[in-house]
Amino acid sequence: EYIQAFKELWTSDNPSFQGQYCQFYNIDFLPKPVQKPHPPIWVGGESRSALGRTARLGDAWCPLGNNPQFPMGEPEQLAAGMERLARYARREGRDPADIEVVYRIGVTEEPDRVAGDIRRYAEMGISQLIVGFGRQANNLDEMLSGMDDFARRVWPLV
């Protein structure tokens, strides 16, 4: 409901909304976002609710990988999640290709494996990849070192 309310605020000159948890009318909402028709809506999670919300309202799906019922640590697991999302999208009358998939990967000590996974994710249609440098760093210097290491050892293999 709040996603619908924000879309109304972002796109309407005279926004009004009547929902179960959120109501407004006779208000001004300025400035409007620069992105048109509105900022992209990224929905996270792997549950049925998250996939349904993505299929109805989302511009992108961000599997978080923390739902033990739907692990996302391997490309094959992500592919299964993408197929579940595609089924939900088709039920909502949407083309699954219209929903981006944004995925976060960790960095390991195995450049060949990480590069291979990145190539597989690209082949699967992942539109944006987030590399989680901060998860393994205790401070800024460690994070920058990890980014440099990734740029030197992994990216040339992609």
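The values are calculated or read from the model by the stated rules, or taken from the named source; none is laboratory data. Just so you know, these numbers come straight off a predicted model, no measurement behind them. Heads up, the Cβs are rebuilt from the backbone with ideal geometry, glycines too, and the neighbour counts pull from every protein chain shown. Note: accessible area is taken over every heavy atom of the protein model, side chains too, but ligands, DNA and RNA are not part of it. Shrake-Rupley method; radii C 1.70, N 1.55, O 1.52, S 1.80 Å.
Some observations on this one:
- Qualifying residue in segment 64-77 (condition: closer than 13 Å to Glu100 by Cα, in contact with a helix residue (DSSP H, G or I) (Cβ under 6 Å, 6 or more places away or on another chain) and of a type in the set (A, V, I, L, M)): no
- Answer residue from segment 8-51, given it is assigned to a loop (DSSP other than H, G, I, E, B) and in contact with a Ser or Thr (Cβ under 7 Å, 6 or more places away or on another chain) and is least open to solvent (accessible area, probe 1.4 Å) among those: His38
- Scan of segment 93-110 for residues that are at pLDDT 90 or above and over 19 Å from the mean Cα position of the chain (by Cα), ordered by number: Gly93
- Asn66 fulfils the conditions (1) closer than 30 Å to Lys7 by Cα; (2) in contact (Cβ under 8 Å) with a residue 12 or more places away in the chain; (3) polar (S, T, N, Q) except for a single criterion, (2).
- Of the residues making up segment 94-118, those that are open to solvent by 70 Å² or more (accessible area, probe 1.4 Å) and touching a helix residue (DSSP H, G or I) at 6+ places or on another chain (Cβ under 8 Å) number 3.
- Among residues of segment 141-158, those that are under 29 Å from Pro40 (Cα atoms) and out of contact with any Phe, Trp or Tyr (no Cβ under 6 Å at 6 or more places or on another chain), counted: 5
- Taking (1) in contact with a Gly (Cβ under 8 Å, 6 or more places away or on another chain); (2) under 30 Å from Pro71 (Cα atoms); (3) at pLDDT 95 or above; (4) surrounded by 14 or more Cβ atoms within 10 Å (Cβ to Cβ) in turn, Ala5 satisfies each apart from (2).
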